[in-house]
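Each remark here refers to the structure printed beneath this line.
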Amino acid sequence: MTEPFAQHPADTAFHARLPIGERLDATPLTEGLPWAFEQITMRPLEPMLVPEEPRGGEVDPENCSSCKPSEHTIWQDDLWQVRAGWDIGGLPFVGAISPREHWLLEDAPHDVLAAYGPLMQRISQAVKTIPGVARCHFARWNDGSAHLHLWALARPAGMMQGRGAALAFWDEILPEMSQQMGAEHIRIVAEALAAGGGEAFPNR
């Protein structure tokens, strides 16, 4: 299944050039995403932490939360699941997409990975059926859980400040939706996904 938890050294030539302890200039962010950021103050660059703390489910898959049944599962089929609603934020929809079995990206079987392409298309279409949603963004950061997971984030129509990588930050900044609105958006996505196969659980 998965490779034993391995660490990489933090004493490479790349690491040696890093200005540890210095506060770096964030101008590239404000110039690169001027529609989202006007001013950013970075924290000083901390020393590299090795060994890193293992991610959730990395040492012991039995403790992997993505493998366990969840009240936040809104749709699933034989291979994949979508979860949402654990925290209602400011974006119209944020969902986590993961295989039902404990796979890392590095060891997931080809049939699991092959099924993700069509599912990605279906999720994008489903999210855009929410009233007022223009785009569905997908992201993968891979630092919280070892279990392969990706994120789907809905960008509101007309929100040009949410373009690109900035969108994820807006979920914490925009006014929170009501629980009722969040539940309705989840229902829309779950039922749209189930129309193409699998099972919806929109009212969990």
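Considering only residues in the stretch 119-131 that are assigned to a helix (DSSP H, G or I), of a type outside the set (S, T, N, Q) and touching a strand residue (DSSP E or B) at 6+ places or on another chain (Cβ under 9 Å), the one that is surrounded by the fewest Cβ atoms within 10 Å (Cβ to Cβ) turns out to be Met120.
When Ala168, Ala152 are screened for being in contact (Cβ under 8 Å) with a residue 40 or more places away in the chain, touching a strand residue (DSSP E or B) at 6+ places or on another chain (Cβ under 8 Å), closer than 30 Å to Cys67 by Cβ and open to solvent by less than 70 Å² (accessible area, probe 1.4 Å), only Ala152 passes.
Filtering Ala134, Ala168 for residues that are touching a Pro at 6+ places or on another chain (Cβ under 8 Å) and either modelled with pLDDT under 95 or not in a helix (DSSP H, G or I) (or both) leaves a single hit, Ala134. Residue-level analysis places Ala139 among those that are over 18 Å from Gln76 (Cβ atoms) and open to solvent by less than 60 Å² (accessible area, probe 1.4 Å). If you filter the stretch 66-89 down to residues that are of a type in the set (Gly, Ala, Ser) and within 15 Å of the chain's Cα centre (by Cα), you find that the one that is nearest to Ile173 (Cα to Cα) is Gly89.
The values are calculated or read from the model by the stated rules, or taken from the named source; none is laboratory data. Treat the numbers as computed from the prediction; the structure is a model and nothing was measured. We place every Cβ from the backbone using ideal geometry, glycine too, and count neighbours over all the protein chains shown. Side chains are part of the model used for accessible areas, which takes the heavy atoms of the whole protein and leaves out ligands, DNA and RNA. Shrake-Rupley method; radii C 1.70, N 1.55, O 1.52, S 1.80 Å.
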